[in-house]
Amino acid sequence: MTTAETGGKRAPGRPRSQAAEEAILKAALALFLDHGVEGASIERIAKRAGVGKTTIYRRWSSKEELLAQAMGRVRENAERDMGVTDFRDFAALPLGLTLRRMMEQGAELMASDDNRKLLARLIGSVQSHPRLMAIYWETYLRPRREAFSVMLEQAKARGELPAGADTAMLQDMMGGAMLHRLLIDPAPPTAEDLRGYLGRLLQQLGLVEPGEG
């Protein structure tokens, strides 16, 4: 049915600009996963999304910004599914309870093939395309680390962590351990494996008491 046949009104649905943006982000992520940064050119993204290159450049000034947002969208969707909109919202809750909930709800996603592939692509791009990591860090990772630090500092103030605990270092240790288990260990973890690993990791770091993880 044409616009004229509907009385000049577009049929209900997502606005064209929103639909185009979602198609572009989806195409960018798929090409990045399959071919890395080099294979995710603006031309290929535009073709896969069914839009012109000018449509992309009106929204993003570079391929790196587009890819960073595509990866960020994955993280945002995962956080929404986990019920996490801002780590600071959990600052007043017992640390062990909060981390256990995140661990239970996030293990399946983290253990998925797509997530492991995305991490591998991102880490593999650090040296060859440092601007991608720089944008992703400033836009998505650093704000979340700062919010998570608020939660850890509140736990420290309540005596749930040692008074001298370095919360930034704790996050580095958690991130490094997770990358090791997801990318370096040759045995891909199941969600259940990862829950057990996360539980032991949190106990070793003193973030939960034995029996909490």
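The values are calculated or read from the model by the stated rules, or taken from the named source; none is laboratory data. All of these numbers come straight from a predicted model, not from anything done at the bench. All Cβ positions, glycine included, derive from the backbone under ideal geometry; neighbour counts span all protein chains shown. Only protein heavy atoms, including side chains, enter the accessible area calculation; ligands, DNA and RNA are left aside. Shrake-Rupley method; radii C 1.70, N 1.55, O 1.52, S 1.80 Å.
Can you report the number of residues in the stretch 111-127 which are surrounded by 14 or more Cβ atoms within 10 Å (Cβ to Cβ) and touching a residue at least 60 places away in the same chain (Cβ under 8 Å)?
9
Quick one: Ala165 ticks every box in (1) open to solvent by 80 Å² or more (accessible area, probe 1.4 Å); (2) farther than 23 Å from Ala30 by Cα; (3) not in a helix (DSSP H, G or I) bar one, so which box is it?
With (1) open to solvent by 80 Å² or more (accessible area, probe 1.4 Å); (2) farther than 23 Å from Ala30 by Cα; (3) not in a helix (DSSP H, G or I) applied to Ala165, the lone miss is (1).
Considering the stretch 56-75 alone, what residues qualify as being part of a helix (DSSP H, G or I), open to solvent by less than 60 Å² (accessible area, probe 1.4 Å) and not acidic (Asp, Glu)?
Answer for the stretch 56-75, where residues must be part of a helix (DSSP H, G or I), open to solvent by less than 60 Å² (accessible area, probe 1.4 Å) and not acidic (Asp, Glu): Ile56, Lys63, Leu66, Leu67, Ala68, Gln69, Ala70, Met71, Gly72, Val74.
Find the residue count for the stretch 44-55, including only residues that are without any contact (Cβ under 8 Å) to a residue 24 or more places away in the chain and surrounded by 14 or more Cβ atoms within 10 Å (Cβ to Cβ).
The qualifying residues number 5.
Out of the residues in the stretch 4-29 meeting the condition of being at pLDDT below 95 and open to solvent by 80 Å² or more (accessible area, probe 1.4 Å), tell me which one is nearest to Arg73 (Cα to Cα).
Top of the filtered list is Gln18.
Only one residue in Glu153, Glu138, Glu146 is under 19 Å from the mean Cα position of the chain (by Cα), open to solvent by 60 Å² or more (accessible area, probe 1.4 Å) and within 19 Å of Thr98 (Cβ to Cβ), so which one is that?
From the options Glu153, Glu138, Glu146, the qualifying one is Glu146.
Any residue at all in the stretch 30-46 that is modelled with pLDDT under 95, farther than 21 Å from Leu109 by Cβ and either in contact with a strand residue (DSSP E or B) (Cβ under 8 Å, 6 or more places away or on another chain) or not in a helix (DSSP H, G or I) (or both)?
Looking for residues that are modelled with pLDDT under 95, farther than 21 Å from Leu109 by Cβ and either in contact with a strand residue (DSSP E or B) (Cβ under 8 Å, 6 or more places away or on another chain) or not in a helix (DSSP H, G or I) (or both), one finds none in the stretch 30-46, hence no.
List the pairs whose first member sits in the stretch 128-141 and is under 14 Å from Lys63 (Cβ atoms), whose second member is assigned to a helix (DSSP H, G or I) and open to solvent by 70 Å² or more (accessible area, probe 1.4 Å), and whose Cβ atoms are under 9 Å apart, counting only residues at least 6 apart or on separate chains?
Partner pairs satisfying both residue conditions: Ser128/Glu38; His129/Glu38; Met133/Ile123.
Quick check on my filter: what residues within the stretch 168-203 are open to solvent by 30 Å² or more (accessible area, probe 1.4 Å) and outside any helix (DSSP H, G or I)?
If the condition is that a residue be open to solvent by 30 Å² or more (accessible area, probe 1.4 Å) and outside any helix (DSSP H, G or I), then Asp185, Pro186, Ala187, Pro188, Thr190 are the ones that fit.
Output the residues belonging to the stretch 60-104 that are over 19 Å from Arg44 (Cβ atoms) and either at pLDDT 90 or above or touching a His at 6+ places or on another chain (Cβ under 6 Å) (or both).
Gly72
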